[in-house]
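The values are calculated or read from the model by the stated rules, or taken from the named source; none is laboratory data. Bear in mind the structure is a predicted one, so any value in this text is a computation, not a measurement. Cβ coordinates were reconstructed from backbone atoms using ideal geometry, including for glycine residues, and neighbour counts include every protein chain displayed. Only protein heavy atoms, including side chains, enter the accessible area calculation; ligands, DNA and RNA are left aside. Shrake-Rupley method; radii C 1.70, N 1.55, O 1.52, S 1.80 Å.
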Amino acid sequence: MKLRVPYVLFETATGRYGLDAYFSLRVEKPERRATLIRKAEGLQLIGEKPVTALLNIESLGEYLNSLFLTLCELSGESFNERTKHMRRWNLWRLLGIPTGHQRHVDRDEELAERNREALLALAIMRKVLGVKNPSDLERAVVRPLGYAFLELEVSGREVSDPVYRELFRVDSNAGMALQWLRLKNRG
């Protein structure tokens, strides 16, 4: 089945991009929103706002700036949480207090994965907005261009686009939103 996902097209100093106007507001974690930005090549402008688009073109600049600030905070917080956990665990080990080695290794792997996901999303946002720090945000100009569609082929649990395939695998909220979008596309 072909599925049409609405996108908002915009231009920054670094190029033309499209942001998913449906799933970006439905995913569980903010880190996953940045992965739904893609180059505008292959996305064709349409005249009016699609019914399934949840993101308004008027609030696009504010949305991207807010996402950038959130990702800056998350990348620092997840790293700090990981180092705090490692310090505490190393102290307990040095004192000879048994706390369960595998439990700490599993926790560290979970924290490392969250940190990597936040840093990757932050790198995407830095590239798209052309900024390095939150203080540079006032220089970032986001010029909305309009709406577009991305067509995906969906059959069962298989999706033609690798970004969406991974998103539906790791994010239960996106999987549930997919069912609603299927119904809206049929109607």
Number of the condition not met by residue 128 [criteria: (1) surrounded by 14 or more Cβ atoms within 10 Å (Cβ to Cβ); (2) more than 27 Å from residue 172 (Cα to Cα); (3) modelled with pLDDT of 85 or more]: (2)
Residue under evaluation residue 99, criteria (1) open to solvent by 80 Å² or more (accessible area, probe 1.4 Å); (2) over 21 Å from the mean Cα position of the chain (by Cα), criterion not met: (1)
First in the stretch 99-120 and within 20 Å of residue 33 (Cα to Cα) and in contact (Cβ under 8 Å) with a residue 12 or more places away in the chain, second anywhere and in a helix (DSSP H, G or I) and open to solvent by 80 Å² or more (accessible area, probe 1.4 Å), Cβ under 8 Å, 6 or more apart: 115/79
Members of the stretch 141-163 that are at pLDDT 90 or above and among the hydroxyl-bearing types (Ser, Thr, Tyr): 147
Every residue from the stretch 106-116 that is surrounded by fewer than 20 Cβ atoms within 10 Å (Cβ to Cβ) and in contact with a helix residue (DSSP H, G or I) (Cβ under 7 Å, 6 or more places away or on another chain): 107, 108, 111, 112, 114
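With the requirement that a residue be touching a residue at least 60 places away in the same chain (Cβ under 8 Å) and surrounded by fewer than 11 Cβ atoms within 10 Å (Cβ to Cβ), what does the stretch 134-151 give you?
Correct list: empty.
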Which numbered condition residue 154 misses (of (1) assigned by the TED database to the domain that holds residue 16; (2) open to solvent by 20 Å² or more (accessible area, probe 1.4 Å)): (2)
Residue in the stretch 85-94 that is exposed (fewer than 13 other Cβ atoms within 10 Å of the Cβ), free of Cβ contacts under 8 Å to residues at least 24 places away in the same chain and within 23 Å of residue 29 (Cα to Cα) present: no
Positions within the stretch 4-21 being surrounded by 23 or more Cβ atoms within 10 Å (Cβ to Cβ) and not in a strand (DSSP E or B), in sequence order: 21
Candidate set: the stretch 28-46, residues that are assigned to a loop (DSSP other than H, G, I, E, B) and over 18 Å from residue 12 (Cα atoms); chosen: the one nearest to the chain's Cα centre (by Cα): 29
Every residue from the stretch 123-171 that is aliphatic (A, V, I, L, M), assigned to a strand (DSSP E or B) and in contact with a helix residue (DSSP H, G or I) (Cβ under 8 Å, 6 or more places away or on another chain): 152, 154, 159
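Hey, could you check the stretch 47-58 for residues that are charged (D, E, K, R) and assigned to a loop (DSSP other than H, G, I, E, B) and say which is farthest from the chain's Cα centre (by Cα)? Full working, then the answer.
Initially, the stretch 47-58 is screened for residues charged (D, E, K, R), giving 48-49, 58.
Now restrict to residues that are assigned to a loop (DSSP other than H, G, I, E, B): 48-49.
Values: 48: 25, 49: 22 Å.
Going through the qualifying residues, I end up with 48.
Going by what's in this entry, would residue 37 be described as at pLDDT 90 or above and in contact with a Phe, Trp or Tyr (Cβ under 6 Å, 6 or more places away or on another chain)? Walk me through how you get there before you give the answer.
Working: at pLDDT 90 or above: yes; in contact with a Phe, Trp or Tyr (Cβ under 6 Å, 6 or more places away or on another chain): yes.
When the stated conditions are applied, residue 37 passes them.
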